[in-house]
Structures are given as structure tokens and as C-alpha cells.
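Trainee: First the structure, then my questions, so here it is.
The values are calculated or read from the model by the stated rules, or taken from the named source; none is laboratory data. These numbers were taken from a predicted model, which means no experiment stands behind them. Neighbour counts run over all protein chains shown; Cβ positions are idealised from the backbone, glycine included.
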Amino acid sequence: MKAFVTGASGFIGSNLVHELVAQGHRVKALLRPGSDRRGLAGVEFQTVTGDVLDRKLLEREMEGCDWCFHVAASYHLWLRDYKTMYEINVEGTRNVLEAAGKVGCQRIVYTSTVGCIGLPKTVEGKLVPSTEADAISDTQLSNHYKRSKWQAECLAMKLVKDGLPIVVVNPTAPIGPRDVKPTPTGQVIVDFLNRKLPAYLDTGLNWVHVRDVAVGHIRAAEKGDIGERYILGNREGNWTLKDTLAALQEITGIPAPKTKIPYWVALAAAHIGEGGAYFTGRPPRAPLAGVRMAKYKMWFDPTKAIRWLKLPQTPPKEALADAVAWFRANGYVK
């Protein structure tokens with residue numbers, strides 16, 4: 001198949017390009033001018049220079065492609081002005097999906113986020129991981145990134161009703177190689193390796209190997225049902241941050257922090273940090289949006305993707321070890 005990929009220089013996007021090529025597919029990747037292409041080193045693909053706001057370019061360059069993977073997004077937990085985020089995440093999504101439909105792509109895979117799925121509920125004192133069926137409430141759309149992605153996912157579902165062959169995937173917290181930026185989750189590992197994590201919050205994530213997420217995208221194009229969404233996560237990946245740091249200690253030999261920060265302390269510090277950020281223009285170390293999300297354990301159940309997409313299930317500890325090895329090999333550890 002010939003695949004068109006947006007967001008190809010990003011964490012998920014670069015791993016998707018590598019996986020597509022490894023499986024024998026041809027790739028045409030959309031890259032903005034000046035994109036950091038380190039994650040794409042060693043893989044052959046056709047480059048298209050531009051962005052998701054250029055509708056005519058998208059239609060022209062997607063011509064002849066069988067699949068479209070729309071992975072590009074503006075992922076920031078703090079910005080001075082969020083207008084550009086909505087332009088990229090909502091209007092950019094409209095451009096990509098409609099262009100792919102117009103040129104006749106057989107499958108269009110839209111990369112959403114588990115931030116668009118309702119939070120886990122406590123049943124009889126036990127936290128039950130969320131599934132694709134759990135609707136998100138307005139109050140849970142607690143920051144601009146989640147709101148913009150939710151608007152984009154709603155748009156994708158509307159376009160399905162208009163006849164476009166769209167499948168939605170919702171990755172959890174990917175980790176592994178090629179996290180060039182790094183992502184906020186990758187930054188936790190980098191900070192741990194550099195001994196910059198003196199304490200931790202009582203929070204939780206669903207860890208998944210980024211390679212499994214890449215494979216999940218391809219399986220969504222091959223096997224996914226139009227109009228459905230699939231959580232790309234790991235059945236054994238629902239870990240507290242304390243569990244995660246303990247695993248990193250086992251992998252690296254670096255002592256895990258023992259001090260737990262009360263949520264109200266982290267929230268107060270985030271308010272102060274954001275106040276300073278408006279004057280300096282530099283993102284705060286702990287954005288308010290991130291701290292608010294950390295109030296909840298973001299645990300999810302990927303059974304649907306495992307059953308229908310045959311989503312691989314690399315052990316989370318192996319995913320953490322691969323991330324550690326890549327960060328060490330690429331100069332992130334000072």
C-alpha cells in the first residue's frame with residue numbers, strides 16, 4: 001500500500017513511518033519546514049514539505065495514496081495563545097480528512113487521544129479502567145489540548161456519516177525509541193535519568209510501547225471498522241507513577257524518589273509557575289493542565305483493540321527499558 005502520513009517527525013509519526021516501511025509499504029510523509037527529522041533517520045520515504053492548513057497541497061500530494069494516517073497535532077499543555085492549536089487540531093484535521101476522502105483513500109486513520117475518553121470510575125472501591133464506550137463529560141475536558149482534540153474527533157465522526165472511511169485510534173501513554181522532543185511522558189523518564197525527580201504525585205498512566213501503537217495504526221487501516229475508535233494501550237500497563245519509578249529503579253539502578261507531593265502543593269506551584277510563564281514566555285516546568293490531569297489515574301482497557309486489531313502487547317517494563325536505552329544512546333542523560 002501507499003500511505004500518506006502527517007506528523008511524521010513526531011514520536012508516534014516517526015515510529016509509524018519506520019513500521020510501515022518495515023512491513024513493505026511505501027510512505028509519503030508531510031513535514032513542516034525545519035522539522036526535527038532525527039526520528040526518521042535510516043528510513044526511506046518520500047517527503048512532502050508543507051502543513052495541514054494547506055488544503056490544495058494535501059489534495060495534490062495524497063493523489064494515488066491508499067491509506068492516510070493523520071497523526072499531526074499541536075500538543076502543548078501551556079501556550080500564551082491557543083488559537084493556533086485549534087487551527088491545527090480542528091481545521092487542520094478537517095483539511096486532511098476531507099482531502100483524503102476527496103482523492104479516494106481506502107482507509108483514513110485519525111490519531112485522537114485517550115483524553116477524549118471518559119475517566120475511570122470507582123466501583124465498589126475499585127478503579128475500573130475506561131473503555132471506548134465511556135463518554136467524556138464537559139468538566140473532564142479540562143484543558144485546550146483535550147478540547148481541541150475532542151472537537152477534532154467529533155468532526156471525524158461527523159465525516160464518517162458523510163461517507164468517509166475513517167477509523168479513530170486513541171493511544172494511551174506511548175514510550176520507547178525516537179521520542180526526540182521528548183513528549184511530556186518521555187520527559188518524566190529523562191528527568192528520572194538525570195536525577196531531577198525529587199518527589200512524585202499519586203497519579204497513574206497506561207504505558208504502551210510506541211512500536212505497538214505504530215502497529216495498531218496499521219492494523220486499524222487493515223482491520224478497523226469505519227466509524228469505530230480503538231484504545232491503543234496495554235492490558236498490563238495501568239501503573240501508578242510510584243510503580244513506574246520503582247520499575248525505572250530496577251532498570252537503571254538509580255534510586256526512585258521516596259517523597260509523595262500532596263496534590264494541593266503541586267497545584268499551587270503550577271499556578272505560580274504559569275504566572276511567571278506569562279512574563280517570560282517560557283513554558284512552566286509543571287503546567288497547570290498537566291497537574292490537573294495528574295489528579296486522576298488515566299487507566300484504560302484496550303481489550304477491543306487487542307481482540308479486533310490484534311494489537312501487540314509488549315510488556316510495559318520492556319517499553320520503559322527501550323525508552324531508557326534510546327535516551328541514553330542519544331545524549332539526553334547529562
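Trainee: Name the residue, out of Val27, Val21, Val5, that is surrounded by 23 or more Cβ atoms within 10 Å (Cβ to Cβ), more than 23 Å from Tyr75 (Cα to Cα) and modelled with pLDDT of 95 or more.
Mentor: On the way: Val21 fails: surrounded by 23 or more Cβ atoms within 10 Å (Cβ to Cβ); Val5 fails: more than 23 Å from Tyr75 (Cα to Cα).
Of Val27, Val21, Val5, the one residue that is surrounded by 23 or more Cβ atoms within 10 Å (Cβ to Cβ), more than 23 Å from Tyr75 (Cα to Cα) and modelled with pLDDT of 95 or more is Val27.
Residue-wise test of (1) in contact (Cβ under 8 Å) with a residue 40 or more places away in the chain; (2) touching a strand residue (DSSP E or B) at 6+ places or on another chain (Cβ under 8 Å); (3) basic (Lys, Arg); (4) closer than 22 Å to Ala135 by Cβ.
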site: Ala199; (1), (2), (3), (4): yes, yes, no, no
site: His217; (1), (2), (3), (4): yes, yes, no, no
site: Glu228; (1), (2), (3), (4): yes, yes, no, yes
site: Thr240; (1), (2), (3), (4): yes, yes, no, no
site: Thr252; (1), (2), (3), (4): yes, no, no, no
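Trainee: Consider segment 159-185. How many of its residues are closer than 14 Å to Leu241 by Cβ and either of a type in the set (S, T, N, Q) or buried (at least 17 other Cβ atoms within 10 Å of the Cβ) (or both)?
Mentor: Quick first cut of segment 159-185, residues closer than 14 Å to Leu241 by Cβ only: 173, 175, 184-185.
Of the ones still in play, those that are also either of a type in the set (S, T, N, Q) or buried (at least 17 other Cβ atoms within 10 Å of the Cβ) (or both) are 173, 175, 185.
Residues meeting the conditions: 3.
Trainee: What's the number of the condition Gly64 fails, among (1) within 17 Å of Thr93 (Cβ to Cβ); (2) in a loop (DSSP other than H, G, I, E, B)?
Mentor: (1)
Trainee: Would you pick out the residues in segment 124-145 that are within 26 Å of Arg107 (Cα to Cα), of a type in the set (D, E, K, R) and free of Cβ contacts under 8 Å to residues at least 40 places away in the same chain?
Mentor: Asp134
Trainee: Taking segment 60-78, which residues are crowded, with 17+ Cβ neighbours inside 10 Å, over 18 Å from the mean Cα position of the chain (by Cα) and small (Gly, Ala, Ser)?
Mentor: Correct list: empty.
Trainee: Quick one: what pairs do we get from segment 302-319, first residue modelled with pLDDT under 95, second outside any helix (DSSP H, G or I), C-beta under 8 Å, 6+ apart or different chains?
Mentor: Final answer for the pair search is none.
Trainee: Shifting gears a bit: Name the one entry in Ala214, Ala221, Ala289 that is closer than 25 Å to Ser9 by Cα and either among the charged types (D, E, K, R) or modelled with pLDDT under 90 (or both). Break it down stepwise before answering.
Mentor: Numbers: Ala214 fails: either among the charged types (D, E, K, R) or modelled with pLDDT under 90 (or both); Ala221 fails: either among the charged types (D, E, K, R) or modelled with pLDDT under 90 (or both).
Answer to the selection: Ala289.
Trainee: Any residue in segment 94-103 that is among the acidic types (Asp, Glu) and part of a helix (DSSP H, G or I)? Walk me through it before giving the result.
Mentor: Going residue by residue through segment 94-103, those that are among the acidic types (Asp, Glu) are 98.
In the following step, the residues that additionally are part of a helix (DSSP H, G or I) were identified as 98.
Yes, segment 94-103 contains a residue that is among the acidic types (Asp, Glu) and part of a helix (DSSP H, G or I).
Trainee: Next question, about the same structure. Select from segment 252-269 the residues that are assigned to a helix (DSSP H, G or I) and among the hydrophobic types (A, V, I, L, M, F, W, C) and write down the one among them that is modelled with the lowest pLDDT.
Mentor: Among residues in segment 252-269 that are assigned to a helix (DSSP H, G or I) and among the hydrophobic types (A, V, I, L, M, F, W, C), the one modelled with the lowest pLDDT is Leu267.
Trainee: So if I check each of Gln151, Gln106, which one is out of contact with any Gly (no Cβ under 9 Å at 6 or more places or on another chain) and closer than 21 Å to Asp54 by Cα? Let's see the steps before the verdict.
Mentor: Numbers: Gln106 fails: closer than 21 Å to Asp54 by Cα.
It is Gln151.
Trainee: Given Val52, Val5, which one is within 21 Å of Ala99 (Cα to Cα) and in contact with a Ser or Thr (Cβ under 9 Å, 6 or more places away or on another chain)? Walk me through how you get there before you give the answer.
Mentor: Numbers: Val5 fails: in contact with a Ser or Thr (Cβ under 9 Å, 6 or more places away or on another chain).
Only one candidate passes the filter, namely Val52.
Trainee: Hey, Thr47 hits all of (1) touching a residue at least 60 places away in the same chain (Cβ under 8 Å); (2) touching a Leu at 6+ places or on another chain (Cβ under 8 Å); (3) not aliphatic (A, V, I, L, M) but one; which does it fall short on?
Mentor: So the condition that Thr47 fails would be (1).
Trainee: Whether any residue in segment 106-122 is in contact with a Ser or Thr (Cβ under 6 Å, 6 or more places away or on another chain), hydrophobic (A, V, I, L, M, F, W, C) and either under 24 Å from Val213 (Cα atoms) or free of Cβ contacts under 8 Å to residues at least 60 places away in the same chain (or both) is what I want to check. Step through it out loud before you land on a result.
Mentor: We begin by selecting, within segment 106-122, every residue in contact with a Ser or Thr (Cβ under 6 Å, 6 or more places away or on another chain); these are 114, 117-118, 120.
So of that shortlist, the ones also hydrophobic (A, V, I, L, M, F, W, C) come out as 114, 117.
After this cut, where a residue has to be either under 24 Å from Val213 (Cα atoms) or free of Cβ contacts under 8 Å to residues at least 60 places away in the same chain (or both) as well, the list is 114, 117.
Within segment 106-122 (the criterion being in contact with a Ser or Thr (Cβ under 6 Å, 6 or more places away or on another chain), hydrophobic (A, V, I, L, M, F, W, C) and either under 24 Å from Val213 (Cα atoms) or free of Cβ contacts under 8 Å to residues at least 60 places away in the same chain (or both)), the answer is yes, since at least one residue qualifies.
Trainee: Next question. In segment 38-59, which residue that is assigned to a helix (DSSP H, G or I) and not basic (Lys, Arg) is surrounded by the most Cβ atoms within 10 Å (Cβ to Cβ)? Steps first, please.
Mentor: Narrowing segment 38-59 to residues assigned to a helix (DSSP H, G or I): 38-40, 55-59.
Checking which are not basic (Lys, Arg) leaves us with 39-40, 57-59.
Working: Gly39: 24, Leu40: 23, Leu57: 17, Leu58: 27, Glu59: 15.
By that ranking, first place goes to Leu58.
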